[in-house]
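Written below as structure tokens is the structure these notes are about.
Taken together, the values in this text are just the output of simple stated rules run on the coordinates, not laboratory data. Remember, predicted model here, so these are calculated numbers, not experimental data.
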């Protein structure tokens, strides 16, 4: 694969990602506040944001790698809580 082909593929992936994010944002406010799965998803999103922020802190300021490790562990815990919510109430709040 040439560099130009790799650039085109990466550009397509980024465009797809941007579209997926925009679509998620449009429907974000329509979620049911009483649905435990929704709350778990929001916690996963926050954990992902915290993870990205931790990486930025390490990159920009040379923060301790423990910052990223803590964020990774938090993200794992929130994903596990989401899985538990899905198993407990697979169809959401009823």
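Miscellaneous remarks
- For the chain, the longest principal axis of the alpha carbon atoms and the long axis of helix 36-61 meet at an angle near 30°.
- When only Cα pairs below 8 angstrom with a gap of at least 6 residues are kept, the chain shows a relative contact order of 33 percent.
- Distance from the Cα centroid of segment 43-71 to that of segment 1-40 is 20 Å (rounded to whole angstrom).
- In degrees, nearest ten, helix 3-27 long axis to first principal axis of the chain (Cα): 30
- Helix 66-88 axis versus longest C-alpha principal axis of the chain: approximately 40°, rounded to the nearest ten.
- Theoretical ellipticity at 222 nm over the chain - DSSP helices of four or more residues, -39500 (n - 2.57) apiece, nearest 500: -28000 deg cm²/dmol
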